[in-house]
Amino acid sequence: MKNNQKFLIVLPAILLLCLLATRISLPTDPEESWQAPIAPISPDSTTLVARGAYLVNAIGCADCHSPKQLGAHGPEVIPELHLSGFPQTAVVPPIDLASVRLGWVLFSPDLTSAVGPWGQSFAANITSDPTGIGNWSEAQFKRALRQGKYKGLENSRTLLPPMPWETYKNMSDEDLKAIFYYLKTTRPVNNVVPPPRAFVDLQ
Ligand code: HEC
């Protein structure tokens, strides 16, 4: 067989293989795959969830988003309240506005609330509960972390400090997706975090 003829037989086979490969690796539409608050986990998403858990634990989302209690080693995350934000029933100590006027930033003892020139902010509930990100789409989550939009909605307010979204916007699409998938599997905690308070309202 001439080389040219061999090529003509092999070429369609290669094309067919390429076509199959693209079909297999094509990601599903994120909007479609998150219709339900907690989607069933396929082998693929198990890897993604593990990656998301790794990132959340390594980056330290819990530093601000998880209520804590004082333990032997200082503030320790309360496991059943992991990532549920500033507890709706919590009482914060009186705010020393004189220090804030001098330029200090204050944190509540478990770091779920902070006071600064922007007023007082409260870390959001980012568990899989509907009072958290349970009903969010992946697009909403990415908009929140990339554009700092409250609830990830187009025309909402900008997220306040100390949420470091301007750093997180540098994460890859895959990593943000992994974090989102992981958060969707977290234990749902019903907790409605209070809205932020403007500086003038703190006087
Ligand atoms: C240094 C503290 C801090 C860290 C670390 C932090 N956050 Fe936040 N985050 C906040 C605060 C405070 C808010 C609320 C800001 C506001 O109300 O404007 C917030 C808001 C959010 C929101 C928006 C919630 C909503 O209802 O709009 C999301 C989503 C979020 N954080 C996810 C994360 C993730 C994921 C991580 C880790 C990768 C993380 N945060 C790490 C402090 C932090």
Out of the residues in segment 108-167 that are in contact with a helix residue (DSSP H, G or I) (Cβ under 8 Å, 6 or more places away or on another chain) and of a type in the set (Ser, Thr, Tyr), state the one that is surrounded by the fewest Cβ atoms within 10 Å (Cβ to Cβ). Thr158
Among Thr112, Thr127, Thr89, Thr131, which is at pLDDT 95 or above, closer than 21 Å to Gln203 by Cα and hydroxyl-bearing (Ser, Thr, Tyr)? Thr112
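A quick yes/no check of all residues on (1) out of contact with any Pro (no Cβ under 7 Å at 6 or more places or on another chain); (2) touching a residue at least 40 places away in the same chain (Cβ under 8 Å):
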{"residue": "His73", "(1), (2)": "yes, no"}
{"residue": "Glu76", "(1), (2)": "yes, no"}
{"residue": "Pro79", "(1), (2)": "yes, no"}
{"residue": "Ile95", "(1), (2)": "yes, yes"}
{"residue": "Gly103", "(1), (2)": "yes, no"}
{"residue": "Gly116", "(1), (2)": "no, yes"}
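The values are calculated or read from the model by the stated rules, or taken from the named source; none is laboratory data. It should be emphasised that the depicted structure is a prediction, and the values quoted were computed from it without experimental measurement. Every residue, glycine as well, gets a Cβ built from its backbone with ideal geometry; the counts of neighbours run over all protein chains shown.
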